Amino acid sequence: MNDKTDNTGQSRLFYDGTCSLCCRSVRSITPFLRRCGVVTVPFENGAAESEMRLRWHDGRVFGGADAAIFLAGRIWWSWPLFALAHLPGIRTLLRASYRRLAANRHCVGGRCELPHHGRIPSPLWIGWLTTALLTTAAWLIGAAFPSLPDSVRMWLLAGSLWLGFKILAWTREPTPISPLFALWVGMDAGAFANPRPESPIRPVPFRHGFVGLAIGSAFVASAFGFRHLPALAGTLTMAGLVASLHFGLFHLMAGFWQRLGHPVAPIMREPWRAASLAELWGSRWNRAFSDVARIALFRPLVRRLGVTGGTLAGFLASGLAHELVISLPARAGYGLPTLYFLIQGFAVLIQRHQPQRFGRAFTWLVFLAPAPLLFHPAFLKILTPSL
């Protein structure tokens, strides 16, 4: 270690100044470090160092993941990471993840033997580990505040899952991505590639988004009249949220980004036109989930397990993800969302082998008929108290 002993009583964070990823990361948190009395200093020979080093004002020294955890406990917005790191086994995972990232930091930072416009995507396990840590942190926040409504816990878990998928989609994109990608709800990171790709699609009309908002608002408003019937009120609220968000607000956002030259795909791409379940789930329904599931879930599983095994495993994973944001905050109905998605998986395989016999009517029967398994009564009930 070539950081020199500091006799001023000031805390110092030493990092690799030859690594562009390290430099960007340090710049982003420098204002918070200054409030903690920490000065950032590049190593004299950064490339030769294996990890960052924190020398605290009292003489203690922390390296790598331990330094990040120690600092997390002194920055207010990162306390969930600090708490999470003290759970059994989590610190070991964080250390292993940090060592892997540090060993490849010059590739991640764009300094590999690659063309200047490309980069090496991060391993899938890093993205999935990040997603797991974020959702665990959201669950811990909910557990720390037992008075929180179950509907708030649902949004915390859904938001953490979305953020994890966002990071996963960004790290898997082989081209540099504009920070504007963070402002788009979808996972099609390539639409924000640098240099900007040419748009292959016609911008969606804004009027469709306004129609979705109007319909969704009407459903939510009508739910007020059925507060004495929690299941019905919850169903109307759920339908209103899907219409106003996925078909309304997100559609307007897609039109906005398309007109700025980013060829994003609408989150809902006219699902009523789907001729098969594979088309419905793969490219028309909730692309914010299907896009990242395709690159980080289905393709890897199909390569390992074959088409049949990969398809069923992918839908099983989808079911577990929905258990997280539906059954867990509802504290009931465990297994029902997973059963719904397994039905979808088996139906996709059946329809794939006999498309002539099982057509559009079969698609919508399988999609809609078991929907009460997905949005089960216990989940619909937690939407009602917010009315």
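Values for this structure:
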| quantity | calculated |
| --- | --- |
| Within region 336-387, helices (runs of 4 or more DSSP H) holding 1 or more residues that are more than 23 Å from residue 234 (Cβ to Cβ) | 336-353, 360-368 |
| Unmet criterion (only one of (1) buried (at least 20 other Cβ atoms within 10 Å of the Cβ); (2) at pLDDT 90 or above; (3) hydrophobic (A, V, I, L, M, F, W, C)) for residue 272 | (1) |
| For residue 314: the one exception among (1) without any contact (Cβ under 8 Å) to a residue 12 or more places away in the chain; (2) under 17 Å from residue 161 (Cβ atoms) | (1) |
| Subset of region 178-219 [among the β-branched types (Val, Ile, Thr) and either surrounded by fewer than 19 Cβ atoms within 10 Å (Cβ to Cβ) or on the phi > 0 side of the Ramachandran plot (or both)] | 185, 201, 211, 215 |
| Residue pairs meeting the criteria (Cβ under 7 Å; at least 6 apart or on separate chains; first at pLDDT 80 or above and surrounded by 10 or more Cβ atoms within 10 Å (Cβ to Cβ), in region 73-89; second assigned to a helix (DSSP H, G or I) and aromatic (Phe, Trp, Tyr)) | 73/79; 73/82; 75/32 |
| Among (1) exposed (fewer than 15 other Cβ atoms within 10 Å of the Cβ); (2) basic (Lys, Arg); (3) closer than 20 Å to residue 374 by Cα, the one test that residue 153 misses | (1) |
| Residue count, region 308-335 (criterion: farther than 15 Å from residue 293 by Cα, part of a helix (DSSP H, G or I), over 18 Å from the mean Cα position of the chain (by Cα) and of a type in the set (A, V, I, L, M, F, W, C)) | 1 |
| Of residues in region 329-387 being small (Gly, Ala, Ser), surrounded by fewer than 18 Cβ atoms within 10 Å (Cβ to Cβ) and without any contact (Cβ under 8 Å) to a residue 40 or more places away in the chain, the one farthest from residue 155 (Cα to Cα) | 361 |
| Qualifying residue in region 303-317 (condition: crowded, with 21+ Cβ neighbours inside 10 Å, in contact with a helix residue (DSSP H, G or I) (Cβ under 6 Å, 6 or more places away or on another chain) and not hydrophobic (A, V, I, L, M, F, W, C)) | yes |
| Residue match in region 271-284 (condition: under 15 Å from residue 185 (Cβ atoms) and in contact (Cβ under 8 Å) with a residue 40 or more places away in the chain) | no |
| Qualifying residue in region 186-194 (condition: out of contact with any Ser or Thr (no Cβ under 6 Å at 6 or more places or on another chain), in a loop (DSSP other than H, G, I, E, B) and among the charged types (D, E, K, R)) | yes |
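The values are calculated or read from the model by the stated rules, or taken from the named source; none is laboratory data. Just so it is clear, the structure is predicted and the values come from calculations on it, not from any experiment. Here Cβ is always computed from backbone atoms with ideal geometry, including for glycine, and neighbour counts include all displayed protein chains.
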